[in-house]
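Quick notes on the structure that follows.
The values are calculated or read from the model by the stated rules, or taken from the named source; none is laboratory data. Just so it is clear, the structure is predicted and the values come from calculations on it, not from any experiment. Ideal geometry is used to build each Cβ from the backbone, glycine not excepted, and the neighbour counts take in all protein chains shown.
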Amino acid sequence: MKDLLLEGGVAGHLMHLYDNPEMTFNKIAKILYKASSGELEGTEKTDGFNIYLGSKEGQARAARNKGDMAKGGMTLDDLVAREFKGGDKVRKAYLDSFDAFQTAINSLTPAEQEKIFGSNGEIFYNTEIMGPGASNLLNYDTNVITIHHGGHKMYDAENNKLVVVDAEENSAALDRAIDRFEQATAEKDFSVQRTAVMQLQALDNDSHVKVALERMRSAGFDGGMTIEDFLVEKIMPVIEDTFPHFADNVKQGIMDRLLNKKGISLTQITKGFPVDQKKQVSAFISGEQKKLLGNAIWPLEKAIHDFAVRLLEGLKSAYILDNEREVARLKIEVEDAIRSIHSYEGEGQEAAMEVLYKQLQKLEHHDNITTPVEGFVFEYEGQLYKFTGNFAPVNQILGLFKYGRGSVPPIKKDDPASRDGLYEDEGEESGVAKLRPGRTIAIIPGAFKPPHRGHLDMVEHYSNIADEVKVFISKLPRTEAGHQFTAEEAVSVWNVYLDAKDLGNVEVSASPHASPVTAAYQFVESEAPEGSSIILGASTKGGDESRFAKALGANAKEGVTVLNPMEYAFEPVGEVLSATDFRVALVNGKDIKKWLPHQDVNGTDHLLVDPYEIQSVLGLEVVPNSSELRGPLEEPAQEYMPGVYEGDMALPIFFRLIEEMLNEHTEPFQIKVRAKHGKMKTRLVGKGGNKHTGGGKGHTKPSPKRGLSSPPIGENEEIEETSTMGGGHVEIGAGKKNKPSKRDTLIREDDLIEKITDYILNKADI
């Protein structure tokens, strides 16, 4: 027999584990281990219209609140006369379901009706109306009334309150009749069923339990400590700091009031106090209660939430035909909502952002929505509990649009058709914008050592048209005057830029491979979410990006679409910036402001980041007078236009990266050769009888230093690199046909084809 049983018993309110002040750490640990091992039974928590249904003298009755139940429930005539906030669609769902429930009751004998609903029809069953016309957040496919296994109520006239009924015998009688209910309502718009029983699948291991428990221990919650003990330990120091001169019993009274303990009134706490002190205590309790409790419980709430997300991952709803499709719809809707809240500037803007921020701490990303199931309900020691996973934050976010919250009125969603890059026209005649499934991801690979404002302009362009931008940085360093510019430093500089521009949908990472192209292709081939659309970062001055997009698309994982990059390409304008020149300026302590992000403010060009910060991130010595805090630049604003990168950025992006790959492969050998260049040149030109180039009497020997026009590497061979704007090819000279040199080994033509081109083209037929 399992310790955790079906929902039922005497409890009604659905709590999270951390909502019960008497719940201990040890009990939570026991429950989590039961859940993780697949020993937890319960029912699906549904997202329909909750209503209590009963029967009196053979007539169906409905109740939404205590008043309804006190007068014996609403009849059909009462429902017809009632106004429904959701309009005609919601009204029809209630009336049609009520009609079906009456049909179900008609299938019972008078004796059965009494056994199920009580001798006076006092028992009202906790039910849910679900279907296409009866949904809040989730879209259910089948019209059904589900009768839950617990939470049933009756009206206590003596105490004028609703009480939860221990209706075990009554429920057993209902279970014996439920098949007849389904048969009787087969021809109705709604069927009447019991809420489906489910058992959670075991997780692969108990690592998620251990992580959750360790996080709670780290917060100070452990052993036999109750939730109430934990809250007191966290909040009492705040009370003592706020009211240091109050007696201990008064402080405890304030604590009990914050915990909403019964029988604790403000009048009792502040009896005999001056008016100003009463006001101070009242203001503290009313103003700080929600914040104090929320902040204190948050570590436990987040730990249990993250565990629940893993527990419910991929769970199928019994009331949705295509679960995967519903998950995809939810992702799109939440993504839409996040964008709208970010752009919202109306009443309660700050409060709306606070809600979004809090819920995104749980959700983290809309792609973490993995199930259309609201949650899982189970019983432990006579009390109902729930695991809700990511449905809870999703519900809170989307609720801002349907209901608003506090000072926030219902928010109007942005017009989705106005957002470039997410929608595509179905045709000129239709004028309808169709949302592409999943999210749009832009990929921008490059060296970026270090990145400059031109690179940022390109990333910002894609940040505005794509849902997410992934920047991949080559792992090999670039060296200038003995200083190495690493991939890790490049990531740090990028993060400074992104913070300054507030580009929250951009992720920068160092490629584990020498070429960032490899990382880009791996992402598209194996990591990109199903249903996503991929945009390759490109300049309008390129030319071959579409060919590479075709190659990438040919080998993309199933369900991933690679779009034509030129339809979304970035158009560079303004000054050409060079990463090489940027490195030179950095190592020589020159003014670097021209390479840093700018922004026009009221006609004046402002610097967005402090040069000192960039120098520090790169591990460079700060040159006196080189640091200038964010502010207006001396140059006129019109001299700057957002734009271009280093000189070769106009080349097709992927051929440019091949060229970068060549440079990265050859650079280590270049450095070695460069160091001994003078000795080699002296050996060659300082011997023999040459009378014209310095070897003979009366002639001056040439300088042993490396000339500006010298080949970049080696004395025995040359490399010729030709990059064309249209064809974008690279030609490599074979050099001498004697024993291959070290450089030959590094960059010979077949090696290039094998290590770079084959991977980029990835066996595509282009």
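For Tyr125, indicate whether it is assigned by TED's automatic domain parsing to the domain that holds Gly73 and either in contact with a Leu (Cβ under 7 Å, 6 or more places away or on another chain) or loosely packed, with under 14 Cβ neighbours inside 10 Å (or both). Quick ask: steps written out before the conclusion?
On the way: assigned by TED's automatic domain parsing to the domain that holds Gly73: yes; either in contact with a Leu (Cβ under 7 Å, 6 or more places away or on another chain) or loosely packed, with under 14 Cβ neighbours inside 10 Å (or both): yes.
It is true that Tyr125 is assigned by TED's automatic domain parsing to the domain that holds Gly73 and either in contact with a Leu (Cβ under 7 Å, 6 or more places away or on another chain) or loosely packed, with under 14 Cβ neighbours inside 10 Å (or both).
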Which of the following residues is outside any helix (DSSP H, G or I), of a type in the set (Lys, Arg), under 41 Å from the mean Cα position of the chain (by Cα) and over 16 Å from Ala173 (Cα atoms): Lys85, Lys89? Lys85
Against the condition modelled with pLDDT of 95 or more and either part of a loop (DSSP other than H, G, I, E, B) or surrounded by 14 or more Cβ atoms within 10 Å (Cβ to Cβ) (or both), how does Glu326 come out, does it pass? no
Residue among Thr46, Thr75 that is within 25 Å of Tyr140 (Cβ to Cβ), of a type in the set (Val, Ile, Thr) and at pLDDT below 95: Thr46
Restricting to the stretch 310-359, give me the number of residues that are farther than 28 Å from Gly404 by Cα, in contact (Cβ under 8 Å) with a residue 60 or more places away in the chain and small (Gly, Ala, Ser). 1
Checked the stretch 333-364 for anything more than 26 Å from Leu14 (Cβ to Cβ), buried (at least 16 other Cβ atoms within 10 Å of the Cβ), of a type outside the set (S, T, N, Q) and out of contact with any Pro (no Cβ under 8 Å at 6 or more places or on another chain); matches are Glu335, Ile338, Arg339, Ile341, Tyr344, Ala352
Of all residues in the stretch 461-481, how many are surrounded by fewer than 24 Cβ atoms within 10 Å (Cβ to Cβ), free of Cβ contacts under 8 Å to residues at least 60 places away in the same chain and under 27 Å from Val584 (Cβ atoms)? 2
Those residues of the stretch 108-122 which are buried (at least 16 other Cβ atoms within 10 Å of the Cβ) and more than 21 Å from Lys66 (Cβ to Cβ) amount to Leu108, Glu112, Gln113, Glu114, Lys115, Ile116
Assuming Glu128 fulfils every condition listed in (1) assigned to a strand (DSSP E or B); (2) in contact with a Lys or Arg (Cβ under 8 Å, 6 or more places away or on another chain); (3) modelled with pLDDT of 90 or more apart from one, which condition is it? (2)
Scan of the stretch 269-309 for residues that are more than 35 Å from the chain's Cα centre (by Cα) and surrounded by fewer than 18 Cβ atoms within 10 Å (Cβ to Cβ), ordered by number: Lys271, Gly272, Phe273, Pro274, Val275, Asp276, Gln277, Lys278, Lys279, Gln280, Ser282, Ala283
Under the condition of being within 24 Å of Ala466 (Cβ to Cβ) and small (Gly, Ala, Ser), which residue from the stretch 559-578 is surrounded by the fewest Cβ atoms within 10 Å (Cβ to Cβ)? Gly559
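Is there a residue in the stretch 271-288 that is farther than 16 Å from Pro237 by Cβ, among the polar types (S, T, N, Q) and not in a helix (DSSP H, G or I)?
To start, the set of residues in the stretch 271-288 that are farther than 16 Å from Pro237 by Cβ comprises 271-283, 285-287.
Checking the rest, the ones that are also among the polar types (S, T, N, Q) come to 277, 280, 282, 286.
Right, trim to not in a helix (DSSP H, G or I) and you get none.
No: the stretch 271-288 contains no residue that is farther than 16 Å from Pro237 by Cβ, among the polar types (S, T, N, Q) and not in a helix (DSSP H, G or I).
Can Lys188 be described as assigned by TED's automatic domain parsing to the domain that holds Glu128 and in contact with a strand residue (DSSP E or B) (Cβ under 9 Å, 6 or more places away or on another chain)?
Working: assigned by TED's automatic domain parsing to the domain that holds Glu128: yes; in contact with a strand residue (DSSP E or B) (Cβ under 9 Å, 6 or more places away or on another chain): no.
Here the answer is no, as Lys188 does not meet what is asked.
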